[in-house]
Amino acid sequence: MRRAALQPRKIATQRRSRATVDALVEATARILVREGFDKASTNRIAEVAGVGIGSLYQYFPGKEALVVAVAERHQREIMQQVQARLAGILDQPVHAAMRTIVAAAIDAHRVDPALHRVLAEQIPRVGKLAGLATFDRGNYAAFRTWLEARRRELRVADPELAAFVCVNAIEALAHNAVLHAPKMLSDERAAALVEEGARMLAGYLAPRHAGGRRVSRRTRPA
């Protein structure tokens, strides 16, 4: 699919035009969740949004561009939630920081899991976005900054590699809970999932101790 077909035709700048675009994007999201991608025709989207079809085509070339707009909005919401929580981890010890990060990812995915599921299935068909991520460059950099600040007390030889491992583990945990184990997102199960995820990551990062002595990966207690 041509990239141009996935881009908005016109950027809304005035309040009324932004309201029109917001209504179209929200209608697309509702239809995707309730009726599926195949039923999300431009006529159906305009009908649900209460917008004329001409107004839809004024801003979007087709439904694929609207699906991309929905995905980008959902992505921003996830990123913003995680970013707000990451701001508070710099002074936290290892397990608390891991709990904060995992909880941020899980909570972000609990906001609209049905939409997340349908977008994860439809994005490959749209062809612009490779996937829904929890960490953008800024969030990834914030996590790596925390690793660098705690490097002396962690079992981390390569902060970049450790950040890659941890971020992808968190992504997989949150993403697969939404796609394959939605019961894990209930209040009770989500709390347990966060704790187990934090324990796994803290175990990967934190040094082992023997009799109060730090033990590196190359040395083991006799």
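The values are calculated or read from the model by the stated rules, or taken from the named source; none is laboratory data. Worth saying up front: this structure is predicted, and the values here are computed from it rather than measured. Using ideal geometry, Cβ is built from the backbone for each residue, glycine included, and neighbour counts are taken over all protein chains shown.
Worth a mention:
- Scanning the stretch 58-88 for residues that are at pLDDT below 85 and among the aromatic types (Phe, Trp, Tyr) turns up nothing.
- Ala69 more than 10 Å from Leu24 (Cα to Cα), under 27 Å from the mean Cα position of the chain (by Cα), small (Gly, Ala, Ser) and in a helix (DSSP H, G or I): no
- Residue check for Arg189: in a helix (DSSP H, G or I), at pLDDT 90 or above and either basic (Lys, Arg) or farther than 24 Å from Gln83 by Cβ (or both): yes
- Of all residues in the stretch 152-174, those satisfying the criterion of being crowded, with 20+ Cβ neighbours inside 10 Å and under 27 Å from Val33 (Cβ atoms) are Ile170, Leu173, Ala174.
- Any pair with Cβ under 9 angstrom, 6 or more apart, that starts in the stretch 54-76 at a residue that is under 24 Å from Arg110 (Cβ atoms) and ends at one that is of a type in the set (Ser, Thr, Tyr): Val67/Thr28; Ala69/Thr28; Val70/Thr28
Here's the yes/no breakdown for (1) modelled with pLDDT under 90; (2) β-branched (Val, Ile, Thr); (3) within 30 Å of Glu196 (Cα to Cα):
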| position | (1), (2), (3) |
| --- | --- |
| Arg2 | yes, no, no |
| Val21 | no, yes, no |
| Glu26 | no, no, no |
| Arg30 | no, no, no |
| Asp38 | yes, no, no |
| Ile45 | no, yes, no |
| Leu90 | yes, no, yes |
| Pro93 | yes, no, yes |
| Ile106 | no, yes, yes |
